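Below: the structure, in structure tokens.
The values are calculated or read from the model by the stated rules, or taken from the named source; none is laboratory data. Please read all numbers here as calculations on a predicted model, not as lab measurements. Positions of Cβ are backbone-derived with ideal geometry, glycine not excepted, and every protein chain shown enters the neighbour counts. Only protein heavy atoms, including side chains, enter the accessible area calculation; ligands, DNA and RNA are left aside. Shrake-Rupley method; radii C 1.70, N 1.55, O 1.52, S 1.80 Å.
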Amino acid sequence: DTGNGEQLYECPICSLTCTNLQFLEEHVDLHLEEHSFSEGGNMRDLELAQQLQHEEDKQQRLEEEKREKEEFKKLQRQYGLDSSGGYKQQFLKNMEREVDRGRMHPFEYHKRKADMMESLAVGIDDGKTKTSGVIEALCKYYQNENKDVRRVWLSAGVDHFHSSLGDKGWGCGYRNFQMLLSSLLQNSLYNDCLRDTALIPSIPKIQSMIEDAWKEGFDPHGASHFNNRLRGSKAWIGACEIYSLLTSLRIKCQIIDFHKPTGPAGTHPRLFEWILRYYSTDNEGATKVVCTSRPPIYLQHQGHSRTVVGIEEKKNKTLCLLLFDPGCPSQEMQKLLKQSTDGTGLKLLRRFVGGLKEKQYQIVAVDGILTLEEKT
């Protein structure tokens, strides 16, 4: 009451005063309508924001799935699991490219194609990438070397095999197996195990032999990685496949993992020490050059593999591995057969501790034969 008989009404929301009750009611109704509209607007904004976030998340998932599929296809191509054909298809494709570029005569193409088809039919390597006699040349060289080698141990009779037009870029594991097998075939201890493998098998034949090992039950986890199939592919193989194949042939071997560096600057001195023990145990003669009966060692690291055929011990006690690399062509290897007295050609083979600095290494080392019971 204002005191002069006039009644005032106050808005409970904004404290506005007015003299008319009906006007106040209309004013409060406006407040309520505005509040209701504001709440609805907030809900609509929230729903819109959630919808936009959901669509953004969905788009990110689709892009991530697309990236994963592309990465998987890239890995499949990299490791030869993309159904793009195997040794035969790559050999023919690369020869056709050589003809197109004028680097191969069509007559040579047809001759090499015929030779390749015959090699695949009988399952025997054609020997066109093989170099024999390097170990014997090394033995002769070291006997006359008088500078810094105190002693050297060599594997017996290892032939070098390098990658061909059919397996370039993915065949190193198979070629290293051929090198290892070339030595085993010359060792009478393994005659019984290898009586069905008198000659070096071709790469497709080696793929079949690994598949046979899987069928026997060796390395089911590894087999599933390749969908139990290697033939007709360019699939890379590694230490586990070599181990399975050798064991299926009743050849006793072991895989040793050097899963982290054991020396300064990412080096692996323990790998070198293990290989020295492998060669020198039971071979500690007084002679400088020790031609052992030890088979070569399969050496694997990420992306490549090589074959250890010996080890040098320098007069200052440092160690140096001697490696056959499948990536080294025959022309280079044959230079070692005419080794110069200064040993410059040995740069192809020598690897000191500082020269092996991959994060991890695996080796497969052969050590005798298995009985049928041991194999089982």
Looking for whichever is buried (at least 16 other Cβ atoms within 10 Å of the Cβ), closer than 25 Å to R294 by Cα and not acidic (D, E) here; the options are L189, L180, L199. Which one fits? L180
With the condition kept exactly as written, say whether any residue in segment 93-109 is in contact with a helix residue (DSSP H, G or I) (Cβ under 7 Å, 6 or more places away or on another chain) and either in contact (Cβ under 8 Å) with a residue 24 or more places away in the chain or acidic (D, E) (or both). yes
Being within 28 Å of K168 (Cα to Cα), touching a helix residue (DSSP H, G or I) at 6+ places or on another chain (Cβ under 7 Å) and buried (at least 23 other Cβ atoms within 10 Å of the Cβ), is that true of even one residue in segment 254-264? no
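One line per residue, one yes/no per condition, for (1) under 24 Å from V134 (Cα atoms); (2) out of contact with any Lys or Arg (no Cβ under 8 Å at 6 or more places or on another chain):
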site: S155; (1), (2): yes, no
site: L181; (1), (2): yes, yes
site: H221; (1), (2): no, yes
site: L230; (1), (2): no, yes
site: R250; (1), (2): no, no
Return yes or no: is K317 touching a strand residue (DSSP E or B) at 6+ places or on another chain (Cβ under 9 Å) and either crowded, with 23+ Cβ neighbours inside 10 Å or not in a strand (DSSP E or B) (or both)? yes
Taking segment 130-173 on its own, how many of its residues are open to solvent by less than 10 Å² (accessible area, probe 1.4 Å), within 21 Å of A235 (Cα to Cα) and in contact with a strand residue (DSSP E or B) (Cβ under 8 Å, 6 or more places away or on another chain)? 2
Select from segment 341-376 the residues that are closer than 18 Å to E312 by Cα and hydroxyl-bearing (S, T, Y) and write down the one among them that is most open to solvent (accessible area, probe 1.4 Å). T341
So which of W274, W214 ends up being out of contact with any strand residue (DSSP E or B) (no Cβ under 9 Å at 6 or more places or on another chain), of a type in the set (A, V, I, L, M, F, W, C) and at pLDDT 95 or above? W214
